[in-house]
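The values are calculated or read from the model by the stated rules, or taken from the named source; none is laboratory data. Since the structure is predicted, the reported quantities are computational estimates derived from the model, not experimental observations. Methodologically, a virtual Cβ is constructed for each residue, glycine included, from the backbone with ideal geometry; neighbour enumeration extends over all protein chains shown. Note: areas computed on protein heavy atoms with side chains; ligands, DNA, RNA excluded. Shrake-Rupley method; radii C 1.70, N 1.55, O 1.52, S 1.80 Å.
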Amino acid sequence: QVHLVESGGGLVQSGGSLRLSCAASGFYSSYAVAWFRQAPGKEREFVVGISGTGSTYYTDSVKGRFTISRDNSKNTVYLQMSSLKPKDTADYYCAAAFSSSDYMAEFGGEYDYWGQGTQVTVSS
């Protein structure tokens, strides 16, 4: 059974940094992982992702500030967030799907597995 567990959220001042973790279990082959976020009153949006082959994808608003990485030995995907802005405030969710391709889905409906979410609050 597949499980995803996020951690690392919290409160940070504008310009600060946080690292989110997504620990995965139950995967028996390659998989893609994406981070989505949902701010109060807004729709969920794709933020970053790492494909089954290791390619990375970023939404424009976080390029140069966020970095996604993967430690296969720990089955964990990390999201390093730097130069945080108040508009980054949201609940962050990791999502995963079995994939051995370079394809990166940016629509949440294409992911079969989701974590419980972790809250990130950036104060001005």
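Kindly establish whether residue 5 is in contact with a helix residue (DSSP H, G or I) (Cβ under 8 Å, 6 or more places away or on another chain) and closer than 20 Å to residue 108 by Cβ.
Considered against the rule, which asks whether it is in contact with a helix residue (DSSP H, G or I) (Cβ under 8 Å, 6 or more places away or on another chain) and closer than 20 Å to residue 108 by Cβ, residue 5 comes out as no.
Kindly indicate the residue of the stretch 17-31 that is farther than 22 Å from residue 90 by Cα and touching a residue at least 24 places away in the same chain (Cβ under 8 Å) and also surrounded by the fewest Cβ atoms within 10 Å (Cβ to Cβ) among those meeting that condition.
So the residue we want is 29.
Read through the list (1) under 28 Å from residue 14 (Cα atoms); (2) surrounded by fewer than 19 Cβ atoms within 10 Å (Cβ to Cβ); (3) within 15 Å of the chain's Cα centre (by Cα), then give the number of the only condition that residue 105 fails.
(1)
Between residues in the stretch 1-16 that are of a type in the set (D, E, K, R) and residues that are surrounded by 15 or more Cβ atoms within 10 Å (Cβ to Cβ) and modelled with pLDDT of 95 or more, which pairs lie under 6 Å by C-beta distance while being six or more apart or on different chains?
6/22; 6/94; 6/115; 6/118
Mind listing whichever residues of the stretch 1-32 are at pLDDT 95 or above, more than 14 Å from the chain's Cα centre (by Cα) and in a loop (DSSP other than H, G, I, E, B)?
Matches in the stretch 1-32: 14, 15, 16, 17.
Given (1) over 15 Å from residue 31 (Cα atoms); (2) among the hydroxyl-bearing types (Ser, Thr, Tyr); (3) open to solvent by 40 Å² or more (accessible area, probe 1.4 Å); (4) modelled with pLDDT of 95 or more, where does residue 124 come up short, assuming only one miss?
Status for residue 124: all satisfied but (4).
List the number of the failed condition for residue 69; all other conditions in (1) over 24 Å from residue 25 (Cβ atoms); (2) surrounded by fewer than 18 Cβ atoms within 10 Å (Cβ to Cβ); (3) at pLDDT 95 or above hold.
Condition not satisfied by residue 69: (1).
Could you go through the stretch 33-53 and let me know if any residue there is β-branched (Val, Ile, Thr), at pLDDT below 95 and open to solvent by less than 50 Å² (accessible area, probe 1.4 Å).
Within the stretch 33-53, none of the residues are β-branched (Val, Ile, Thr), at pLDDT below 95 and open to solvent by less than 50 Å² (accessible area, probe 1.4 Å).
Can you name the number of the only condition in (1) open to solvent by less than 70 Å² (accessible area, probe 1.4 Å); (2) more than 12 Å from the chain's Cα centre (by Cα); (3) of a type in the set (Ser, Thr, Tyr) that residue 59 fails?
Residue 59 satisfies all of (1) open to solvent by less than 70 Å² (accessible area, probe 1.4 Å); (2) more than 12 Å from the chain's Cα centre (by Cα); (3) of a type in the set (Ser, Thr, Tyr) except (2).
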